[in-house]
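Asks: Before I ask anything, here is the structure I am working with.
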Amino acid sequence: MERIQIFASADYEVLIGNDLLDRAGDHIADALKMQSGFETTTAVIVSDDNVFPLYGDRLKKSLNDKGFRTIEFVFPHGEKSKSLATYGELLEFMCESKVKRSDMIVALGGGVVGDLSGFAAASYQRGITFIQIPTTLLAAVDSSVGGKTAVDLKSGKNQVGAFYQPRLVLCDIDTLKTLPKEEYECGCGEIIKYAILESEEFFDELLEKPVSEQYEHVIATCVNIKKHYVENDEFDTGLRMKLNLGHTFGHAVETCSEYTILHGQAVAMGMAAITKAASEMGLCSKETAVRVLELLDRYELPQTISFGLQEMYEAMLVDKKNNGTVTNLIVPSAIGNCRIMKIPTEKLKGWLAEGGVED
Ligand code: NAD
Ligand code: GLY
């Protein structure tokens, strides 16, 4: 098992390994011991209708065996549920179930479950304990660590949220066995992002051996990279913005597709487009672009944005990374090295065009 400590506004551990779900109660009780003066009696398990039937009973048993009362809030899977409506229902449910400030939310699921329940944990009675149990590869390597929580508005993704660190992240890699193929590929999209950002060696490892044959190593490598960004810029005002590689175009793709294109697929398209644009503009070598496209291809990730220039541009205007006049674009210089470039908003169309987006 890998054990990684994150030092942020609240410190916590990320545990990565096999058989963690059945011992969740023990691990959570250990993590709560560090919280003085509070007695946590109720665990609100938040999950979706795919994940809960697969893993809910085991989590409940493990928590009940440790003496926690469990109640569950299960919502329909998918990005459409990451909404103010579901968030409101969860808060009402907790209030009606007499959940106290000393109780906790345990998120069992992917990034949708984690982001939504993290925001509920951040705001319910001004903040209650939050535990992340990621069950998608994407959530394991990215969304469960670092404290970004949010829900979407109709006009844009993640427009309402809070920075709120979990008390513990438990990543049981056995749960990834039931992940649908395209969700596995989406997680690989975020993993490739870390390699392009930080490590040519890791990039080569991903080419040489499939992620699924080295889960523990790959997840730990990504969490360690993310740890560095979160510890140095928890509130995303500088360095951490680099984690948005591929996301500026990717979020626009998600919005244009009305969330029918999955996050990891959209990020892959965004990374392909920004790398193509960088290579066209002489900001990275042609070989860098070829290698990025080759790795995306290896993991069967899409590389072409089929929405038009104007539609993509309008979707980008509501992104948080755009302050009205300037957008921070994360641009690869080489494999393992990217820079933040401040691009005047009116130039974004030019970047999209160089990245292969057609009129
Ligand atoms: P998701 O939570 O929708 O999960 C994807 C699908 O897989 C769902 O249908 C889910 O029911 C199913 N699933 C989950 N675990 C499973 C398992 N073990 N077996 C079978 N099916 C399983 O999507 P996601 O890709 O995990 O997360 C995407 C979300 O994460 C987006 O909303 C994105 O904005 C957010 N995100 C947040 C951060 C952050 O830092 N907070 C980072 C990246 C992405
Ligand atoms: N997923 C981007 C971040 O955590 O900053």
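Every read-out reported here was derived from the displayed coordinates using simple, explicitly stated rules and does not represent laboratory data. This is a predicted model, so every value here is computed, not measured. Reconstructed Cβ throughout: ideal geometry from the backbone, glycine too, with neighbour counts over all protein chains shown.
Asks: What area, in nm² and to one decimal, does the C-alpha convex hull of the chain cast on average over all directions?
Replies: 15.9
Asks: Follow-up question, since we're still on this one. G246: net charge of surrounding residues, Cβ under 10 Å, Lys/Arg +1, Asp/Glu -1, itself excluded?
Replies: Details: positive: K193; negative: E190.
Counting the neighbours of G246, the net charge comes to 0.
Asks: Counting other Cβ atoms within 10 Å of each Cβ, which chymotrypsin sites (Phe, Trp or Tyr not before Pro) in segment 1-95 have at most 16 and sit in a DSSP loop?
Replies: Numbers: sites: F7, Y12, F38, Y55, F68, F73, Y87, F93; in loops: F7, F38, F68.
When the chymotrypsin sites (Phe, Trp or Tyr not before Pro) of segment 1-95 are filtered for loop state and at most 16 Cβ neighbours within 10 Å, F7, F38 remain.
Asks: Place a +1 charge on the Cβ of each Lys and Arg in segment 102-220 and a -1 charge on the Cβ of each Asp and Glu, then give the dipole magnitude about the Cα centre in debye, rounded to the nearest 20.
Replies: For segment 102-220, the charge dipole is close to 800 debye.
Asks: Set the Förster radius R0 to 35 Å, insert the Cβ-Cβ distance between K100 and T178 as r into 1/(1 + (r/R0)^6), and round the FRET efficiency to 0.05.
Replies: Numbers: r = 34 Å, r/R0 = 0.96.
About 0.55, to the nearest 0.05.
Asks: Let me ask something else about it. Taking the simple approach of a point 7 Å from Cα along Cα-to-Cβ for both R58 and K33, what is their distance in nm?
Replies: With each label placed 7 Å out from Cα toward Cβ, I get 2.5 nm.
Asks: Please rank I131, I343, fewest neighbouring Cβ atoms within 10 Å first, as an exposure proxy. Intermediate results must be reported in sequence, preceding the final value.
Replies: Details: I131 26, I343 16.
Going from sparsest to densest Cβ surroundings: I343, I131.
Asks: Tell me, how many Å apart are the Cα centres for segment 88-162 and for segment 279-296?
Replies: Answer, in whole Å: 37.
Asks: Are there trypsin sites (Lys or Arg not before Pro) in segment 114-171 that DSSP marks as loop and that have at most 14 other Cβ atoms within 10 Å, and which are they?
Replies: Working: sites: R126, K148, K154, K157, R167; in loops: K154, R167.
Passing sites in segment 114-171 are K154.
Asks: Here is a further query. Kindly provide the pair-distance distribution of segment 236-281 built from C-alpha pairs, with 10 Å bins from 0 and whole-percent values in order of increasing distance.
Replies: Histogram of Cα-Cα distances, whole percents per bin: 31, 45, 24, 0.
Asks: Could you tell me which GluC sites (Glu not before Pro) in segment 1-107 are loop residues by DSSP with no more than 12 other beta carbons within 10 angstrom of their beta carbon? It would help to have the intermediate numbers written out before the result.
Replies: Numbers: sites: E2, E13, E39, E72, E79, E89, E92, E96; in loops: E39.
Filter output for segment 1-107: E39.
Asks: Related question: Going highest first, how would you order 189-195, 204-210, 252-258 by mean Cβ packing within 10 Å?
Replies: Highest-to-lowest ranking by the protection proxy: 189-195, 252-258, 204-210.
Asks: Mind listing the long-range amide H neighbours of S83? Cut-off is under 5 Å, sequence gap 5 or more, other chains count too, H placed in the peptide plane at 1.01 Å from N.
Replies: Residues meeting the amide H criterion: D152.
Asks: For a quick check: with amide H placed at 1.01 Å from N, whose amide H comes under 5 Å from Y259's, ignoring anything fewer than 5 positions away on the same chain?
Replies: Close amide H contacts, sequence-distant or interchain: none at all.
Asks: Further, regarding this structure: Let me check I've understood the local charge: for G109, count other residues with C-beta under 12 angstrom from its C-beta, Lys and Arg +1, Asp and Glu -1. What total comes out?
Replies: -4
Asks: Tell me the net charge near V74. Cut-off is 13 Å between Cβ atoms, V74 excluded, with +1 for each Lys or Arg and -1 for each Asp or Glu. Display every interim value, and only then the final one.
Replies: Details: positive: K60; negative: D48, D49, D57, E72, E89.
Taking every other residue near V74 into account, the sum is -4.
Asks: Can you sort H77, H228 by how many other beta carbons sit within 10 Å, fewest first? Provide the component values of the computation, followed by the final result.
Replies: Details: H77 17, H228 12.
Ascending number of Cβ neighbours within 10 Å: H228, H77.
Asks: Now a separate question. Roughly how many debye, to the nearest 20, is the charge dipole of segment 177-259 about its Cα centre, given +1 on each Lys and Arg Cβ, -1 on each Asp and Glu Cβ, and no other charges? Before the final figure, lay out each step's value.
Replies: On the way: 8 positive and 18 negative charges, 25 e Å.
Computed about the Cα centre, the dipole is about 120 debye.
Asks: What's the magnitude of the charge dipole for the chain around its Cα centre, counting Lys and Arg as +1 and Asp and Glu as -1 at the beta-carbon? Answer in Debye, nearest 20. Walk me through the numbers before you get to the answer.
Replies: On the way: 36 positive and 53 negative charges, 210 e Å.
Around 1000 debye, computed over the chain.
Asks: Could you state the principal axis extents of the C-alpha atoms in segment 1-102, from the largest down, to the nearest angstrom?
Replies: If we take the Cα atoms of segment 1-102, the spans are 34, 32, 31 Å.
Asks: Right, something else. Averaging sequence separations of C-alpha pairs under 8 Å and six or more residues apart, then dividing by the length of the chain, give the relative contact order as a whole percent.
Replies: Once normalised by length, the contact order is 15 percent.
Asks: Moving on. Could you derive backbone 3J(HN,Hα) for segment 127-141 from the dihedral phi with the Karplus parameters 6.51, -1.76 and 1.60 (θ = phi - 60°), listing whole Hz in sequence and x where the residue is Gly or Pro?
Replies: x, 10, 4, 10, 10, 10, 10, x, 10, 10, 5, 4, 5, 5, 8
Asks: Counting only DSSP beta bridges with both residues in the chain, tell me the antiparallel percent, nearest 5.
Replies: Of those bridges, close to 40 percent are antiparallel.
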